[in-house]
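Chemist: Please see the structure below; I have some questions.
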Amino acid sequence: QFLETVLATTASGMRVLAAPLEPAFADEVPTVTYTRILGMLREMFDYVIVDTAPSLDERLLAILDKSDTVLFVVDMDLPSVKNAKLALETLRILNYPANKIKLVLNRSNSKARLDVDEIERSLRLPISASVPSDGLVPASINEGIPIVESHPKSKPAKAFEDVTRILLEARQQPQEGQKKRRFGR
């Protein structure tokens, strides 16, 4: 199958479908193609993780429609919270199921002086996981080694384990007889 030939494999065995080198190339791909690819990936793997741009365009809405769980990442600053509120209100207007959305608070230990309870009230959803800011995270990214491998006892690694638990709890059992593998981006 062609799709199998374009998936990269990480050292840990995760399969990755990378974005095009030129962002303009992604804009040329019709939304229906993205949803077809997503459907094929869902048949091939137990988990499909899609890292998206922070905009609610037609492509993203189509991907959200096919998603079992949406990890909605919000930074601990007012512009991020405001943008999250606008996006979540748009999803509510479109009748997107709120129970599929799990808020992840990024840089949760920043000195932004924002109250977590106030963020939850403003966004009308509970925070499901909090990832603290730590210099180990960008170092891990730059080295290409997940922080859960390079520094498994660090606070960010523990937080990513919480995020993983969210996905495990929301997981639908694969249909009997289907062999699946890991996939992520």
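Since every read-out is calculated from the coordinates, none of them should be taken as a lab result. All of these numbers come straight from a predicted model, not from anything done at the bench. Note: ideal-geometry Cβ built from the backbone for every residue, glycine included; neighbour counts use all protein chains shown.
Chemist: Run the dipole for region 1-66 about the Cα centre, Lys and Arg Cβ at +1, Asp and Glu Cβ at -1, nothing else charged, and hand back the magnitude in debye, nearest 20.
Modeler: Roughly 200 debye, rounded to the nearest 20.
Chemist: In nm², what is the average projected area of the convex hull enclosing the Cα atoms of the chain?
Modeler: Quarter of the Cα hull surface area: 11.9 nm².
Chemist: Further, regarding this structure: Dipole size in debye (nearest 20) for region 68-174 around its Cα centre, Lys and Arg Cβ +1, Asp and Glu Cβ -1?
Modeler: Roughly 200 debye for region 68-174.
Chemist: How far, in nm, would the chain grow between Glu22 and Asp115 when pulled straight, counting 0.36 nm per residue and subtracting the alpha carbon separation?
Modeler: Roughly 29.6 nm would be gained on extension.
Chemist: Based only on other Cβ atoms within 10 Å, what is the fewest-to-most ordering of Arg107, Arg113, Arg121?
Modeler: Arg113, Arg121, Arg107
Chemist: At 7 Å along the Cα-to-beta-carbon direction for both Ser150 and Thr164, put a label point, then send me their distance in nm to one decimal.
Modeler: Those two pseudo-labels are separated by 1.7 nm.
Chemist: Just want the answer: with Cβ charges of +1 for Lys and Arg and -1 for Asp and Glu, which residue in Leu123, Ala159, Pro138 is farthest toward the dipole's positive end in region 76-181?
Modeler: Toward the positive end, the furthest listed residue is Leu123.
Chemist: To continue, here is another question. State the dimensionless ratio Rg/Rh of region 1-66 (Rg: radius of gyration of Cα atoms; Rh: Kirkwood radius).
Modeler: Radius of gyration over Kirkwood radius for region 1-66 works out to 0.94.
Chemist: In nm, give the distance between the simple-model label positions of Ala53 and Val6, each being 7 Å from the Cα along the Cα-to-Cβ direction.
Modeler: Distance between label points: 1.8 nm.
Chemist: Please compare each pair in Lys111/Lys158; Lys102/Lys155; Lys111/Lys153; Lys66/Lys111 to a cut-off of 25 Å on the Cα-Cα distance and tell me which ones are over it.
Modeler: Beyond 25 Å between Cα atoms: Lys66/Lys111.
Chemist: Looking at the chain, what % of its DSSP beta bridges pair antiparallel, to the nearest 5?
Modeler: For the chain, the DSSP antiparallel bridge percentage is about 15.
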